[in-house]
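Each reported figure results from applying straightforward, stated rules to the coordinates on display, with no laboratory input. Everything quoted here is computed from the prediction, not taken from an experiment. Please note: Cβ atoms are built from the backbone with ideal geometry, for glycine as well, and neighbour counts cover all protein chains shown.
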Amino acid sequence: MTETLTRLAYQAFQQSKISFGLAHKTLSYRLRDLIAPLKESSIKPIANEVLSKLRAKLAQLIETDWQDAERGIYPVSLLFDNPWEDFFRYYPMIWLDMPQIWERAKQKQHQDFSSNLDTSGYPSYYLQNFHYQTNGYLSDLSANLYDLQVEILFNGSADAMRRRILAPLKRGLQSFVTIPLKQIRILDVACGTGRTLKLISSAVPEVALFGTDLSPAYLRKANQLLSLGPIDLPQLLQANAEELPYIDNYFHAVTSVFLFHELPPDARQNVIEQCFRVTQPGGLFIICDSIQMSDSPEMAPMMENFPAMFHEPYYRHYVTDDLVERLHRAGFEQVTTEMHFMSKYWIAHKPKISLSSVNS
Ligand SMILES: C[S@@+](CC[C@H](N)C(=O)[O-])C[C@H]1O[C@@H](n2cnc3c(N)ncnc32)[C@H](O)[C@@H]1O
C-alpha cells in the first residue's frame, strides 16, 4: 500500500515537473518571438509522431528510475530530491536574464564575457556562451541558474537521466568487493554543480568522492550543495579534463555526465585517454551524454534542432562520433551502451593486469 502511494507520488511529482517545463518553454518561446524574434530560423517543427515517441521514452525513464530505487540501487527518497530553495531564489532570475540570452542568440554572439571575469588560461573551445548563457560557465549567476535551466530543458528529468549511471556503477564496483568501501575512490569529471556526486553519494554512501571541473564558479556551487549533506565533502579540484591532476591507476571508477557534446573531437579523445590513465586496472569509466544519430534516427529532428536553438558548436560532430571506437583506442574493453530518454551511456572497463603482462 505504502509502496503504491509512493510510486503514485513519484509519478505525480515528475508529471508536475514535465508540465512546468513545457509551460515555461511555451511561454518563453512566445515571448521571444514577440520581443526578439530570430533573424532567420533553421528550427524544424517536430512531427506529432516524434513527440509521442518522446513522451513514451520519458515515461519509460521514469518507470526505470522507480524500479531502480525499488530494487535498492539508491534510496527512494532520492527520487524526490529537488533544490527547492534554489528554485524559489533563482527561478525569477532566469526570466530576468532571458532578454540578454535572446539578444545574444539574435546577434549570434557566443564569446561574450564580462570584462571583470578572468578568461585567461582556459582552452579556447571552452570560452563560449554555450546555450547563449550569460558569461558561459564562468560566473556565479551562471552556476546558480544552471541546474534549473537543465531541468527545464529536459522537462524535469535531468536527475533521472543522471541516476542511470548508478546501476552500472554499482555493478562495476563489484570487482572491488574485497576492498572496504571507504577505500574506494570515484571521480566525476566535469562535475559542474555537483549533482552527479550527490547522487553517487546516496547510492554508495561511504566511498571517497572526487570532482573536477574547469569552472571555479561551478565548483563553488558544488561545494555548497555537497556540504549540506551528511557525507564527507568530496575533494573538488579545478582542472581541465584533458590533464587530470591525479596519478595513474588511482580511481576505482570514473564518471562524466553531459560533458562530451561540449568538447571538440580531439579533446574528447584526450579526456577519454586521461580517464583511462587514472582508472585502476579492473575499474570502470561511465559516460552519460546526449543520444546519437546512429541509434536514435527517429529523434534526428530533435538532435538537429538542439544546436540550432542553443549555441552548441561541437554537438553536430558529437552525434555522429564513435565513442566506442575512441574508448577502445584508449585501451578500454567490454564497452556496452544503453539509452534512456534523451541520454546515451557508455560503460567501459579497464583491463585487469594479467599475470603474463606482470611477468613480461
Ligand atoms: C553541460 S555541463 C555538465 C555538468 C554536470 N556534469 C552535470 O551533470 O550537469 C558541462 C560541464 O563541463 C565543464 N567542462 C567543459 N569542458 C571542460 C574541460 N575541458 N575540463 C573540465 N571541465 C570542463 C563545464 O565547466 C561544465 O561544468
| message | I need the full set of residues from the range 119-135 which are more than 13 Å from the ligand (Cβ to nearest atom) and either free of Cβ contacts under 8 Å to residues at least 12 places away in the same chain or among the small types (Gly, Ala, Ser) (or both), in order please. | response | SER120
| Hey, ASP147 touching a strand residue (DSSP E or B) at 6+ places or on another chain (Cβ under 7 Å) and either outside any helix (DSSP H, G or I) or among the acidic types (Asp, Glu) (or both) or not | no
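Only one of PHE276, PHE258 is of a type in the set (Phe, Trp, Tyr) and within 9 Å of the ligand (Cβ to nearest atom). Can you tell me which?
Working: PHE276 fails: within 9 Å of the ligand (Cβ to nearest atom).
Result of the check over PHE276, PHE258: PHE258.
In this structure, is ILE35 within 23 Å of the chain's Cα centre (by Cα) and over 22 Å from PHE306 (Cβ atoms)? Steps first, answer last, please.
Numbers: within 23 Å of the chain's Cα centre (by Cα): no; over 22 Å from PHE306 (Cβ atoms): yes.
The answer is no for ILE35.
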| Which residue pairs have Cβ atoms closer than 7 Å, lie 6 or more positions apart in sequence or on different chains, and pair a first residue in the range 333-348 that is closer than 9 Å to ARG164 by Cβ with a second residue that is polar (S, T, N, Q) and in a strand (DSSP E or B)? | SER343/SER290; TYR345/THR337
| field | Residue in the range 104-118 that is farthest from the ligand (Cβ to nearest atom), counting only those that are surrounded by 13 or more Cβ atoms within 10 Å (Cβ to Cβ) and part of a helix (DSSP H, G or I) | value | LYS106
| message | Can you tell me which of (1) under 15 Å from the mean Cα position of the chain (by Cα); (2) over 24 Å from ILE286 (Cα atoms) is the one ASP97 doesn't meet? | response | (1)
| query | Which of the residues belonging to the range 203-225 are farther than 21 Å from ASP248 by Cβ, surrounded by 17 or more Cβ atoms within 10 Å (Cβ to Cβ) and away from the ligand (no atom under 13 Å from the Cβ)? | reply | ALA203, VAL204
| With respect to the numbered conditions (1) within 30 Å of GLN11 (Cβ to Cβ); (2) assigned to a loop (DSSP other than H, G, I, E, B), which one is the sole condition not fulfilled by GLY121? | (1)
| remark: Here the residues within the range 46-66 that are within 25 Å of GLU298 (Cα to Cα) and touching a residue at least 40 places away in the same chain (Cβ under 8 Å) are ILE46, ALA47, VAL50, LYS53, LEU54, LYS57, LEU58, GLN60, LEU61, ILE62, THR64, ASP65
| Lone unmet requirement of (1) without any contact (Cβ under 8 Å) to a residue 12 or more places away in the chain; (2) more than 26 Å from PHE176 (Cβ to Cβ) for PHE310 | (1)
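A quick yes/no check of all residues on (1) over 20 Å from ILE94 (Cα atoms); (2) within 14 Å of the ligand (Cβ to nearest atom); (3) buried (at least 19 other Cβ atoms within 10 Å of the Cβ):
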position	(1), (2), (3)
TYR137	no, yes, yes
LEU141	no, no, no
ASP147	no, yes, yes
GLU151	no, yes, yes
ASN155	no, no, yes
ALA160	yes, yes, yes
ARG163	yes, yes, yes
ALA167	yes, no, yes
LEU173	yes, no, yes
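In the range 16-44, how many are under 30 Å from GLN67 (Cα atoms) and exposed (fewer than 14 other Cβ atoms within 10 Å of the Cβ)?
Of all residues in the range 16-44, those under 30 Å from GLN67 (Cα atoms) come to 16-25.
Those left that are additionally exposed (fewer than 14 other Cβ atoms within 10 Å of the Cβ): 16, 19, 22-23, 25.
Going through the range 16-44 one residue at a time, the tally reaches 5.
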